[in-house]
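Below is one structure, written out as structure tokens; the observations come after it.
None of the figures in this text is laboratory data; all of them are computed from the coordinates on show. The structure presented is a predicted model; accordingly, all values stated were derived computationally and were not measured. No Cβ is skipped: glycine too gets one built from the backbone with ideal geometry, and neighbour counts run over all protein chains shown.
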Amino acid sequence: MTTPSRLSFVAVFVLLTSVPPALAQRGRGTRAGDSFKEKKVAAWRGDAQISGKITDETGKPIAEARVTFVFAKANDGFFATTKKNGEFSAKDIKGGEWHVQVDAPNFITVRQTLTISDSKNPPLAMQLKRDNSPELLVKAEALFKAGQNTEARTEYMTVLAAHPELTAINRAIAFTYGREKNHPEALKFLDLALASNPNDETLLQLAAASAMEVSDYPRTMGYLGRIDEAALADPDPLVNAAMNLLNRRRSADATAVLNRVIGRFPDAADAYFYRAYASIQANKPADAKPDLEKYLALAPAGPQAAQAKDLLATIK
């Protein structure tokens, strides 16, 4: 039985590192004020409010800056967008500890933790430094695009030495090592990048990939455990991780990951099939039967349907 393969984690690394990565961040696609999680009443809703203003180093207001609020207790939140005068407001929120992040094109991301009171809160003033990294990294990005990983890495490191505040360059350096399949070195720089962006889904996927390539499975599961499945738009990142664990006969670890997938995406048919495969791999065929039946109920004409029927026929 050799079904699991999908993408090897080396292939995942190549796919995720195919474009210059230094300072890019993926957006969620949500609107201002939307909860990150799918709930009727968000856990951060309350009676408090706070306002503020975002400016540059000269005091000039920054319009269209994205101010992300995450309520620490619920690991959920929303974002607001600054107006032309740099001002923003956040209403109907709970008091307590909040993590705030401000992003704006051509500026360095700023993060801050603050405690919001249920009563009156003073205005929040945050200043962003202009990001000159695009100009600094032109040569490195060109080398990276050309596949000249060693040369690109040298250039990235030169820029980072001169501008240690540009911590996102660690991500780019890790990507060059990942392309070369030098996973121990990739992990060093992925950890440095994660220190600044601990919840970055792509970085966590890549760190798990590299840890798996060096057979450090506790570390692999640690990275995967930090991916917030509630914030995922689709199950593929975790399903691919489970597939690669199954390819390495890590059935218990794969099952743990697939349990999370099914909890978040109960209609993800593939997750049931591969959880059944994990049970069979672990010599627990009886545990596989309900998952195979669930897969066929969700995807009767799915790509694994024939195999699912064959497996069911062998389970007494």
Quote the charge dipole size of the chain about the Cα centre in Debye, to the nearest 20; the model charges only the Cβ of Lys and Arg (+1) and of Asp and Glu (-1). 460 debye
Can you tell me the orientation of helix 269-281 relative to the chain, as the angle in degrees between its alpha-carbon axis and the longest Cα principal axis, to the nearest 10? 50 degrees
Projected-area average for segment 172-316 over all orientations - Cα convex hull basis, square nanometres: 8.9 nm²
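Assuming a ≥ b ≥ c are the square roots of the Cα gyration tensor eigenvalues, decide whether the chain counts as rounded (a/c under 1.5), prolate (otherwise, with a/b larger than b/c) or oblate. Numbers along the way, then the final one.
Numbers: a/c = 2.78, a/b = 1.42, b/c = 1.96.
Oblate, since a/c reaches 1.5 and b/c is not below a/b.
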Hey, can you grab everything whose amide H is under 5 Å from the amide H of GLY77? Only 5+ residues off in sequence or another chain; H modelled, so Pro and N-termini drop out. PHE36, LYS37, PHE71
What shape does segment 45-128 have by the C-alpha gyration tensor, where a ≥ b ≥ c are the square roots of the eigenvalues, rounded means a/c under 1.5, and otherwise prolate means a/b greater than b/c and oblate the rest? prolate
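Taking a 26 Å limit on the Cα-Cα distance, which of the listed pairs LYS83/LYS139; LYS53/LYS91; LYS294/LYS316; LYS145/LYS181 fall beyond it?
Numbers: LYS83/LYS139 35 Å; LYS53/LYS91 15 Å; LYS294/LYS316 17 Å; LYS145/LYS181 17 Å.
Result: LYS83/LYS139 exceed 26 Å.
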In the Gaussian network model of the chain, springs joining C-alpha atoms below 10 Å, which of ALA172, ALA276, ALA286 carries the largest mean-square fluctuation? ALA286
Relative to the first principal axis of the alpha-carbon coordinates of the chain, what is the inclination of helix 149-162, with its axis defined by its Cα atoms, in degrees from 0 to 90 and to the nearest 10? 30 degrees
For the chain, with +1 on Lys and Arg beta carbons and -1 on Asp and Glu, the positive-most of VAL102, PHE189, GLY222 along the dipole: GLY222
Based on the alpha-carbon gyration tensor of segment 204-281 and its eigenvalue square roots a ≥ b ≥ c, which shape applies: rounded if a/c is under 1.5, prolate if not and a/b is larger than b/c, or oblate? oblate
Return the whole-Å distance between the Cα centroid of segment 192-241 and the Cα centroid of segment 247-316. 22 Å
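For the chain, what does -39500 (n - 2.57) per DSSP helix run (n ≥ 4), summed and divided by total residues, give at 222 nm, in deg cm²/dmol to the nearest 500? Walk me through the numbers before you get to the answer.
Details: 13 runs with 145 residues, N = 316.
Helices in the chain give a 222 nm mean residue ellipticity of -14000 deg cm²/dmol.
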Please compute the contact order of segment 89-204 in relative form: average sequence separation of alpha-carbon pairs under 8 Å and at least six residues apart, divided by the residue count, as a percent. 15 percent
For segment 45-128, what proportion of DSSP beta bridges, expressed in % and rounded to the nearest 5, is antiparallel? 85 percent
Of LYS73, LYS294, LYS83, the one that fluctuates the most in a GNM where the chain has Cα springs shorter than 10 Å: LYS73
Using a basic spin-label model with each label point 7 Å from the Cα along Cα→Cβ, how many nm lie between ALA161 and SER119? 5.5 nm
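May I ask what percent, to the nearest 5, of DSSP beta bridges between residues of the chain are antiparallel? The partial results should precede the final answer.
On the way: 27 of 32 bridges.
So the antiparallel bridges amount to about 85 percent of the total.
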